[in-house]
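The values are calculated or read from the model by the stated rules, or taken from the named source; none is laboratory data. Given the structure is predicted, the values throughout are model-derived calculations rather than measurements. Please note: Cβ atoms are built from the backbone with ideal geometry, for glycine as well, and neighbour counts cover all protein chains shown. With ligands, DNA and RNA removed, areas are computed over all heavy atoms of the protein, side chains included. Shrake-Rupley method; radii C 1.70, N 1.55, O 1.52, S 1.80 Å.
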Amino acid sequence: MDSTAAAAQAPVLLVTNDDGIDAPGLRFLVDQLVAAGRYRVLVCAPDTDKSGVSHCITWRPALRCKRVDISGATAFGVSGTPADCTSLGISGKLFDGVVPDLVLSGINIGNNCGYHVIYSGTVAGAREAFLYGIPAISMSYDWVAGQSSVNDLKVSAEVCMPLINTIVTEIKNGTYPKGSFLNVDVPTDAAHHKGYKITKQGTYMARISWEQTVYKKPAVESYQTANMDVDSEKDSELVTPSENDLLFKRVIVGRNSDGVEGEDTDHNSLADGYITVTPLGALSRTEPDAIPYFKACVSRLVSKFASLGPSFYRSRVA
């Protein structure tokens with residue numbers, strides 16, 4: 001088989017993220033995929049940092065796509081969100097009819113455990129593929145300011161490759177399940193991780209409040225300052241709001257833990273040094289023990305208003 005035929009039969013992997021197409025986490029991941037020599041690598045990622053946008057999509061404006069030079073890959077920077085990028089990338093419209101076998105989102109700077117999954121653009125990039133029946137993995141590195149370095153992102157890409165290779169094999173064999181996508185978090189000491197561990201999503205969350213400020217937010221992307229200690233007020237422009245304007249900035253006031261949930265939650269296992277692999281779905285279900293309560297509550301509500309007769313409903317509608 002010649003090289004052209006082999007390339008045509010190679011599994012197609014689409015890479016996206018939320019830190020932006022220039023982010024080192026994405027570039028290191030693409031480098032690893034290209035170096036493996038067994039994949040056709042496509043990249044469709046935001047042209048700027050889109051961290052924390054969750055599953056936001058662009059509805060009305062057209063997306064602007066620009067070719068980006070990434071060795072060994074076909075790449076586009078896109079004006080939309082991570083979900084937009086995945087949607088466009090799997091549509092067959094951007095890559096001349098090619099639809100990926102697997103979508104990879106990351107590698108993100110900062111963990112995406114617990115409730116952070118809801119806010120994460122990285123996870124949304126994978127979830128969007130899952131919604132359309134394409135296997136997907138979101139990947140994040142547990143960055144700690146003052147301790148982590150950009151090289152840890154390179155190591156994170158390396159340690160994720162065995163999992164990626166295994167999933168591709170499962171897809172090729174037709175044995176990969178369709179009911180989940182995977183959310184992967186790599187521990188801070190990526191080079192000395194304890195191995196892969198299947199975990200469940202916990203309730204870990206950084207608690208946010210607000211403080212009034214007179215400084216603009218620095219106009220820099222997170223990945224550009226990831227290996228720096230940045231004083232956001234010192235490095236920001238002092239502004240004087242108009243008389244009717246107030247400026248507020250987010251501040252972290254605490255972090256809750258998964259301590260009561262056991263050792264098999266994503267954040268607890270990540271803190272213990274494991275690469276966590278958390279199967280996720282797209283449905284938001286409540287706890288099973290809450291269902292009887294709400295059934296009884298609604299039943300009482302229906303009985304109460306039914307006793308008031310049709311005239312009650314007509315008066316409320318009017």
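Observations, loosely collected:
- In segment 58-102, the convex hull through the Cα atoms has an average projected area of 3.5 nm², a quarter of its surface area.
- With all protein chains modelled, accessible area of Leu247 [1.4 Å, Å²]: 50 Å²
- Taking each residue as 0.36 nm, the span from Ile171 to Thr48 lengthens on full extension beyond its C-alpha to C-alpha distance by 41.1 nm.
- In this simple spin-label model, placing a label point 7 Å from the Cα along the Cα-to-Cβ direction at both Lys304 and Ala62 gives a separation of 5.4 nm.
- With contacts taken as Cα pairs under 8 Å at a separation of at least 6 residues, segment 37-115 carries a relative contact order of 30 percent.
- Taking amide H as placed 1.01 Å from N in the peptide plane, Ser140 has its amide H under 5 Å from the amide H of Asn108, Val184, Asp185, Val186, each at least 5 places away in sequence or on another chain.
- Potential lengthening of the chain between Asp245 and Ser284 amounts to 10.4 nm, from the contour at 0.36 nm per residue minus the alpha-carbon distance.
- For Lys200, the amide hydrogen comes within under 5 Å of the amide hydrogens of Thr265, Asp266, counting only partners 5 or more places away or on other chains and with H modelled in the peptide plane.
- Note, ³J(HN,Hα) from phi for segment 170-179, Karplus 6.51, -1.76, 1.60, rounded to Hz, x at Gly and Pro: 4, 5, 4, 7, x, 9, 6, x, 9, x
- Ile70, Ile198, reordered so the largest accessible area comes first (probe 1.4 Å): Ile198, Ile70
- Net charge contributed by nearby residues that have their C-beta within less than 9 Å of Pro82 (K/R +1, D/E -1): -2
- Extension gain, Ile291 to His192, is 31.3 nm, computed as 0.36 nm per intervening residue step minus the present C-alpha separation.
- Sequence-distant residues sharing a close amide H with Leu247 (under 5 Å, placed H): Thr213
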